[in-house]
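Before any comments, here is the structure.
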Amino acid sequence: MSRARGVLSGLGAAAGVVALAACTGPTRVATLNNATHVSGSSAASELQQELAKQGHPNVTVTCAKSIIVYVGPAVSCTLSGAGTNHAVRFTFKTLDGRISLPSVKTS
């Protein structure tokens, strides 16, 4: 019986625990199996705000449902509206999902 509990306990640990925590700003972060994920809709909202500051007020950003956070490599989301159909690229500043605002660029 104790061996069965150990196996079930191990399976529960392997499945991971999802924990949501509010970060600075609107970004929501989840940790699953030791990888940090950011909600694509939260990232899109933050990107739209930054693009509006950069002179692109009438665009819509669409990202994947969930984005795995890596510091350094660029991430792309779809940019549409105002006669555009391009991509917006950005990097994460920290492992907790904060976007490096100076990295936000359209292509």
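Throughout, read-outs are computed from the coordinates displayed, never taken from laboratory work. Everything quoted here is computed from the prediction, not taken from an experiment.
Summary of computed values
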item: Nonlocal amide H pairs with Gly97, under 5 Å, H built at 1.01 Å; result: none
item: Whether region 53-107 is rounded, prolate or oblate, judged on the alpha carbon gyration tensor where a/c under 1.5 counts as rounded; result: prolate
